[in-house]
Amino acid sequence: MFWIDEAMLVAGTLLLLGVITSKISARYGVPMLVLFLGLGMLAGSEGLGGIEFEDYELAHAVGSLALAIILFDGGLGTTFASITSAWKPSLVLATLGVLITSLITGLAACWLLGLPLLNGLLLGSIVGSTDAAAVFSVLRNGGFALPAKLGSTLEIESGSNDPMAIFLTVGIIEMLTKDVGWGGSLLLLFAQQMILGGIVGIALGYVAVWVTNRLNLDTAGLYPLLATGMALLTFGLAAYLGGSGFLAVYLAGIVIGNNRVVFKKGTLLFHNALAWLAQIAMFVVLGLLSFPSSLIAVSWQALGIAIVLIVVARPIAVAACMLPFRFRWNEMALASWGGLKGAVPITLATFPLLFHLDDAQLIFNVVFFVVVVSALVQGWSLPWVAKKLDLDEPMPGSPPVQLEIHSLRHVDGEILDYEIDLDSPAAGKKVSELGLPDGVTIALLARNDAFVPPRGSTMISHGDHVIVVVKSGAGEGLDAIFCSVGPSEPCLPTQDDTPAHTG
């Protein structure tokens, strides 16, 4: 048997087990990060699989690639509306919040582990940011919803705070290796990461939209691959120029996700699946790196650092950053508890090992332990905490059917899905009584698990999903017909496939 045959056998087994464990996570609420890490540890040299794996450079490469894919998918699902409502607190949390968290945790690490100051601050910097994969997973798949502004703040923070953590980590490593000193050089490094990453991400995001809409590919399945290629190009170019590839790829995803592109629905579904694959691969590989015996050896000190991080550092950072934006105390408490750690700290923890720094293995083991504690304690309990703080909201209903018309070119129109709630002006009315504008047609009513062919006499009921085909420019006034617009939340219909396409 060739080595590739064995590799595919192992990879296929781990992938299938990863998919099965995601079902366990959904049913019992166990964070997927913990399950996938546990799967990797079980397959490792001290587990049942006995796989010997200590290639930190390869693990860093896998982690970086996977995080780029996850952040791109997260950006595709982030709306301009959520950014408009939450970009200010998110940006402060992603910069000042990470700095405060890193300083407090780093000082605690110096005291609990007896590390030199810079080594302790390095550990604090590694665990200073929240993790996009963990936050997206819990907030989008946890069976509950947060108030729109708070949820958007946590998601955007997790997608944009990696540059700050990387900047602090790399900056301290360069000081330890005498490549850079305090002051101007360090600030220049941060500015370079943020500015170049932002410029490249936004610019190539719009380039991707332009190319996608004008390339006229003959095969629909190539459009998702085109988006993937643009995402990897964005990450690589930003990193090559000295910017943050993680910030760039997240911003590129936001630009693409909020613009009209050909075969958009298929592209979103493809990248959602790709993000799942990236999560499974990343956490399993990082789990293979760990040695349970080494984690046990540092468990008490690492537990102390985790407690300081969760109970002291993160709450202080959140209070300092969110108070000026007039968040309520229960929202700040939830944001403090929602500072989930995940793959980013473990990936960053490979940096000291790659540079052969003193205490590098100790830092890696402690970081790994802290991440597991954060995922278990915070990730598992976040829905319960949200309920106790009276911040959990029902998940928006998903339509029992989606109308998709695929094409390789644009036509003049779009398809919208309106969910009818109790206060909707359309609830209890016949289709003929709605007063639909010219150029607007109800294509389908989805009610529970059944289709209802729309006729003039068909009654619209609470809970229906009304799928509307709209000619370009004819959609004005539709929100007033179908939506109950509250004083603080706009009506946001789901676009099943934007723009509409024809074969």
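The values are calculated or read from the model by the stated rules, or taken from the named source; none is laboratory data. Quantities reported herein were computed from a predicted structural model and do not represent experimental measurements. No Cβ is skipped: glycine too gets one built from the backbone with ideal geometry, and neighbour counts run over all protein chains shown.
Among the residues in the range 205-221, are any in contact with a Gly (Cβ under 8 Å, 6 or more places away or on another chain) and under 21 Å from LEU348 (Cβ atoms)?
No, that holds for no residue.
Identify, by number, the condition in (1) among the acidic types (Asp, Glu); (2) in a helix (DSSP H, G or I); (3) over 18 Å from PHE351 (Cα atoms) that GLU46 doesn't meet.
(2)
From ILE280, ILE316, ILE310, ILE305, which residue is under 23 Å from GLY75 (Cβ atoms), β-branched (Val, Ile, Thr) and either touching a residue at least 60 places away in the same chain (Cβ under 8 Å) or touching an Asp or Glu at 6+ places or on another chain (Cβ under 9 Å) (or both)?
Going through ILE280, ILE316, ILE310, ILE305 in turn, the sole match is ILE280.
Filter the range 129-150 down to the residues that are closer than 27 Å to LEU103 by Cβ and either modelled with pLDDT under 85 or among the hydroxyl-bearing types (Ser, Thr, Tyr) (or both) and list them by number.
SER129, THR130, ASP131, ALA132, ALA133, ALA134, VAL135, PHE136, VAL138, LEU139
Across the range 453-482, what is the number of residues that are in a strand (DSSP E or B) and surrounded by fewer than 17 Cβ atoms within 10 Å (Cβ to Cβ)?
2
Go through the range 384-400 residue by residue and tally those that are at pLDDT below 85 and surrounded by 16 or more Cβ atoms within 10 Å (Cβ to Cβ).
Final tally of qualifying residues: 2.
From the residues in the range 206-218 that are in contact (Cβ under 8 Å) with a residue 40 or more places away in the chain and over 23 Å from the mean Cα position of the chain (by Cα), which one is nearest to ILE69 (Cα to Cα)?
THR212
With the condition being modelled with pLDDT under 90, among the hydrophobic types (A, V, I, L, M, F, W, C) and assigned by TED's automatic domain parsing to the domain that holds HIS60, I'd like the helices (runs of 4 or more DSSP H) fully within the range 283-358 carrying at least 2 qualifying residues.
Ranges flagged: 292-297, 343-348, 350-354.
Spot the failing condition for GLN279; the list is (1) farther than 30 Å from ASP218 by Cβ; (2) touching a strand residue (DSSP E or B) at 6+ places or on another chain (Cβ under 6 Å); (3) not small (Gly, Ala, Ser), and only one is missed.
(2)
Does LEU247 meet the test of being assigned by TED's automatic domain parsing to the domain that holds LEU39, farther than 14 Å from ASP73 by Cβ and crowded, with 24+ Cβ neighbours inside 10 Å?
When the stated conditions are applied, LEU247 passes them.
I need a count of the residues in the range 226-276 that are of a type in the set (Gly, Ala, Ser) and more than 18 Å from the chain's Cα centre (by Cα).
7
Can you tell me which residue in the range 62-120 is surrounded by the fewest Cβ atoms within 10 Å (Cβ to Cβ), limited to those that are outside any helix (DSSP H, G or I) and among the polar types (S, T, N, Q)?
Within the range 62-120, the match that is surrounded by the fewest Cβ atoms within 10 Å (Cβ to Cβ) is THR79.
Would you point out which residue out of GLY40, GLY50 is at pLDDT below 80 and either farther than 30 Å from ILE316 by Cα or over 21 Å from the mean Cα position of the chain (by Cα) (or both)?
None of the other options fit; the residue is GLY50.
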